[in-house]
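The values are calculated or read from the model by the stated rules, or taken from the named source; none is laboratory data. Computed from a predicted structure; not experimentally measured. FYI the Cβ positions are ideal-geometry reconstructions off the backbone, even for glycines, and counts take in every protein chain you see. For accessibility, only protein heavy atoms count, side chains too; no ligands or nucleic acids. Shrake-Rupley method; radii C 1.70, N 1.55, O 1.52, S 1.80 Å.
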Amino acid sequence: MTSTEQHRRKYDALAERYEEIYFYVADLGRELVSRAAPPPGTRLLDVGAGRGAVARVGLARGCTVTAVDASAGMVARLAADHRDMLVLQQDAGALRFPDGSFDLVTAGFLVQVLAEPEMALAEFHRVLVPDGMVALSLERQVVGRLGWLHDLNREYFGGGSGAPLSPDRLDELLVAAGFDEPERTMVKVPRHLPDPAALWDWLALQGVPEALDDLPSPHAVTFRERFFRGAEDMHRNGGITLEFAATLHTTTRP
Ligand SMILES: C[S@@+](CC[C@H](N)C(=O)[O-])C[C@H]1O[C@@H](n2cnc3c(N)ncnc32)[C@H](O)[C@@H]1O
């Protein structure tokens with residue numbers, strides 16, 4: 001299976017509960033569109049739209065919104081939720097729109113999941129009018145006091161693949177794609193959880209119990225024990241807070 005196909009399946013499976021699990025994307029969608037500040041009537045293309053965290057804010061501001069996503073599951077849910085936007089299944093690296101079709105291209109948390117973000121950035125440049133704007137968000141890993149949980153996950157489930165796309169690298173890629181020097185800002189979205197059980201519930205939303213079922217039996221038990229020890233400790237010493245952060249990058253096509 002290709003990595004694109006794997007991505008499609010992952011997001012198809014997540015489509016139903018995507019914004020429940022990733023609760024911060026709605027706030028960051030609002031932040032991203034507010035930075036771009038599109039006037040009513042702006043032709044906005046939202047790429048990797050997911051469940052519409054960015055696209056629906058554009059719609060509320062009076063933009064004419066086209067949303068695309070590679071996942072059929074996301075496209076079906078978004079189209080059902082928003083009959084007032086055009087929703088299409090397309091690949092960010094091979095958009096099927098004529099040159100200069102849009103005034104604003106947005107992409108919330110997309111570039112970080114692409115194997116070749118340069119291809120998508122070249123497409124964003126191509127479909128924008130001169131002076132058109134691109135607004136992208138990039139997730140930042142904030143480990144902070146949750147380092148123990150990151151370590152536990154890595155020990156049981158292995159590490160992620162490759163180094164994540166950095167904000168500096170994204171700005172370099174934007175300039176290489178022909179955009180002006182980007183502006184960048186950092187946004188943080190913390191969420192306090194009342195107790196260790198709430199942290200477990202949050203992991204459960206992400207399928208951790210099912211993943212544990214696939215491990216040999218003593219591992220599932222020891223993971224749970226070590227998880228609750230770590231979570232109790234964090235709860236007693238300052239409380240449990242999930243911290244998410246993103247950089248928002250905006251620039252124009254000369
Ligand atoms: C992390 S989610 C972000 C969703 C949404 N933009 C948000 O801010 O909540 C990434 C989205 O990009 C989509 N995606 C992944 N690879 C893609 C590609 N090559 N072309 C278009 N969409 C893609 C996924 O299906 C998923 O919906």
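Scanning region 222-254 for residues that are open to solvent by less than 50 Å² (accessible area, probe 1.4 Å) and of a type in the set (Phe, Trp, Tyr) gives Phe223, Phe227, Phe244.
Scanning region 26-35 for residues that are open to solvent by 10 Å² or more (accessible area, probe 1.4 Å) and in contact (Cβ under 8 Å) with a residue 24 or more places away in the chain yields Ala26, Asp27, Arg30, Glu31, Arg35.
Count of region 145-192 residues, restricted to those that are farther than 29 Å from Asp214 by Cβ and open to solvent by 40 Å² or more (accessible area, probe 1.4 Å), is 15.
Considering only residues of region 63-98 that are within 22 Å of Pro40 (Cα to Cα) and acidic (Asp, Glu), which is nearest to the ligand (Cβ to nearest atom)? The extreme case among them is Asp81. Whenever a residue of region 83-102 is touching a residue at least 60 places away in the same chain (Cβ under 8 Å), its partners that are of a type in the set (A, V, I, L, M, F, W, C) and surrounded by 13 or more Cβ atoms within 10 Å (Cβ to Cβ), lying with C-beta atoms within less than 6 angstrom and at least six residues away or across chains, give the pairs Asp91/Ala70. For region 138-167, a residue qualifies if it is of a type in the set (Gly, Ala, Ser), touching a strand residue (DSSP E or B) at 6+ places or on another chain (Cβ under 9 Å) and in a helix (DSSP H, G or I), and exactly one does: Gly144.
Of the helices (runs of 4 or more DSSP H) entirely within region 36-137, those holding at least 3 residues that are surrounded by 24 or more Cβ atoms within 10 Å (Cβ to Cβ) occupy 55-60, 117-127.
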